[in-house]
2 protein chains.
Amino acid sequence: MRKELTAKGKATRNRIIEGAAEVLREKDVSVATLDDVMARTHTSKSQLFHYFPEGKDELLLAVAHHEADQVLEDQQPYLGCLDSWEAWQRWRDVVVERYEEQGERCPMGSLVLHLGRSTPGARDVVVTLMRQWQASLATGIRALQTAGHLPADLDVEHRAAALLAGLQGGVAILQSTGQADHLRAALDLGIEDLRRAAAA
Amino acid sequence: MRKELTAKGKATRNRIIEGAAEVLREKDVSVATLDDVMARTHTSKSQLFHYFPEGKDELLLAVAHHEADQVLEDQQPYLGCLDSWEAWQRWRDVVVERYEEQGERCPMGSLVLHLGRSTPGARDVVVTLMRQWQASLATGIRALQTAGHLPADLDVEHRAAALLAGLQGGVAILQSTGQADHLRAALDLGIEDLRRAAAA
DNA sequence: TCTCGACTGGACTGGCTGGTCCAGTCTACG
DNA sequence: CGTAGACTGGACCAGCCAGTCCAGTCGAGA
């Protein structure tokens, strides 16, 4: 990642990343080849290695970063303002819709799984993503607290963690079985239980 | 899968499956090769293709079946008798322990992800596994109902689905980040909320 | 206009790996 | 025994694919 990238160079680099992301949304990492990326982005091998000297893994890592950003962005503006029960409901709908549409393909998941521990920094992408995600949920819960909808002694982080786990699991099951029931159940009951905690 | 397998043949076939399972517990599917399996099981290529004429995918599918059985078996006898709050707690402990020990490697997950839609029957393995898993949880919740610990009008399947999602998500996060916090949070809050439903 | 270095094209290579083939051994059974 | 067919060994093949190399082109700044 040198600085000496021309505007043109930067554009090409981005085109490669985005093209690769598209490819990975269609086929699994283990099946996707550099040739696929080349075809999609109208670039040659030398360009790929020009912008990603470390080779495939470096490109894949860049794509992972790109996709991680995308994941959170796709939930906006809802994820950013979870300050009422209605807002939570809307967020739930968006999440369900997004992942139902995405279907079984999960670039992030397979990407990081594939890079694994071999590539330093791969794990960090997920760790950061999860932290940010959970932080957003926690912020939402706190917003409910300050609005007086939830008791102040609620263990916010614990709740947020469980909710995120349910969401992730729902998505995982959706991806491996094709059924969204679990995702819906996890989110609905997660929110419902939050409400119940309010009553308690 | 012909019938004409000698006792010796069966033994070899099983040795291959179990050896392959071991290999996949150490390295990802996309990295594991038939040579790895050969080395581990002291077999030759011709044997692999003798017992799995369809090649690698057929072997992998057999391993997936094997692993799916293993997953549920590892939770016994606890998963089978969730008839008291203490039993649920013990089950929780076993699950957490099992997956913490297993660490980031998840043969089932990557296996099915890798086989994907290309191999018919691959998805069925997960679907069946999830159904059985959820059924066991549902049975446990019903046991609590009949014991009078939970109200009779509780939506059992819905609860079981959400719990399973939380569990799966916790495992997924554990595997991709190395932290078991989410798994613990999901199970603890899942059970706690069940209890709260009892009070309601 | 000249020049340097960023940028691009595409042929080539080397290793890996799934899969094939055939020759040889063992074993259940008549 | 003997033999058919299950079982085993390992050499060999072919395709794929990441990565290399070099010969160019383009463009910004002196």
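The values are calculated or read from the model by the stated rules, or taken from the named source; none is laboratory data. Predicted model, so just to flag it, every value in this text is computed and none were measured. Note: ideal-geometry Cβ built from the backbone for every residue, glycine included; neighbour counts use all protein chains shown. Remember, those area values only see protein heavy atoms, side chains included, never the ligands or the DNA or RNA. Shrake-Rupley method; radii C 1.70, N 1.55, O 1.52, S 1.80 Å.
Going by what's in this entry, would A:Ser176 be described as at the interface with chain B (Cβ under 9 Å from one of its Cβ atoms) and touching a Lys or Arg at 6+ places or on another chain (Cβ under 9 Å)? Talk me through it step by step, then tell me what you get.
Values: at the interface with chain B (Cβ under 9 Å from one of its Cβ atoms): yes; touching a Lys or Arg at 6+ places or on another chain (Cβ under 9 Å): yes.
So A:Ser176 passes the test.
Can you say whether B:Lys56 is basic (Lys, Arg), away from DNA strand D (no atom under 15 Å from the Cβ), surrounded by 14 or more Cβ atoms within 10 Å (Cβ to Cβ) and not assigned by TED's automatic domain parsing to the domain that holds B:Ser118, as far as the supplied structure shows?
Details: basic (Lys, Arg): yes; away from DNA strand D (no atom under 15 Å from the Cβ): no; surrounded by 14 or more Cβ atoms within 10 Å (Cβ to Cβ): yes; not assigned by TED's automatic domain parsing to the domain that holds B:Ser118: yes.
Spelling it out, it is not the case that B:Lys56 is basic (Lys, Arg), away from DNA strand D (no atom under 15 Å from the Cβ), surrounded by 14 or more Cβ atoms within 10 Å (Cβ to Cβ) and not assigned by TED's automatic domain parsing to the domain that holds B:Ser118.
Just to be sure, is B:Leu61 in contact (Cβ under 8 Å) with a residue 60 or more places away in the chain and in contact with a Gly (Cβ under 8 Å, 6 or more places away or on another chain)? Spell out the reasoning first.
Working: in contact (Cβ under 8 Å) with a residue 60 or more places away in the chain: yes; in contact with a Gly (Cβ under 8 Å, 6 or more places away or on another chain): yes.
Answer is yes for this residue.
Given the residues A:Gly169, A:Gly140, which is the only one that is at pLDDT 95 or above, crowded, with 17+ Cβ neighbours inside 10 Å and over 19 Å from B:Glu157 (Cα atoms)? Step through it out loud before you land on a result.
On the way: A:Gly169 fails: over 19 Å from B:Glu157 (Cα atoms).
When all the criteria are applied, what remains is A:Gly140.
What tally of residues in segment A:22-42 results from selecting those that are within 12 Å of DNA strand C (Cβ to nearest atom) and out of contact with any Gly (no Cβ under 8 Å at 6 or more places or on another chain)?
In the first step, residues of segment A:22-42 are kept if they are within 12 Å of DNA strand C (Cβ to nearest atom); the result is A:30, A:33-35, A:38-39, A:41-42.
Now drop any that are not out of contact with any Gly (no Cβ under 8 Å at 6 or more places or on another chain), which leaves A:30, A:33-35, A:38-39, A:42.
Final tally of qualifying residues: 7.
Per-residue answers, yes or no, for (1) open to solvent by less than 60 Å² (accessible area, probe 1.4 Å); (2) closer than 16 Å to A:Glu18 by Cα; (3) modelled with pLDDT under 95:
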{"site": "A:Leu60", "(1), (2), (3)": "yes, yes, no"}
{"site": "A:Leu72", "(1), (2), (3)": "yes, no, no"}
{"site": "A:Gln89", "(1), (2), (3)": "no, no, no"}
{"site": "A:Gln102", "(1), (2), (3)": "yes, no, yes"}
{"site": "A:Val112", "(1), (2), (3)": "yes, no, yes"}
{"site": "A:Ser118", "(1), (2), (3)": "no, no, yes"}
{"site": "A:Trp133", "(1), (2), (3)": "yes, no, no"}
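Identify, from the list B:Tyr51, B:Tyr78, the residue that is open to solvent by 10 Å² or more (accessible area, probe 1.4 Å) and within 15 Å of DNA strand C (Cβ to nearest atom).
On the way: B:Tyr78 fails: within 15 Å of DNA strand C (Cβ to nearest atom).
Just one listed residue meets the conditions, B:Tyr51.
For residues that are in a helix (DSSP H, G or I) and more than 14 Å from every other protein chain (Cβ to nearest Cβ), tally how many sit in segment A:106-152. Give the steps one after another, and end with the answer.
So in segment A:106-152, the residues in a helix (DSSP H, G or I) come out as A:107-118, A:122-146.
So of that shortlist, the ones also more than 14 Å from every other protein chain (Cβ to nearest Cβ) come out as A:136, A:139-140, A:142-146.
Count: 8.
Scan segment B:1-39 for residues that are at pLDDT below 95, open to solvent by 80 Å² or more (accessible area, probe 1.4 Å) and away from DNA strand D (no atom under 12 Å from the Cβ) and report the count.
3
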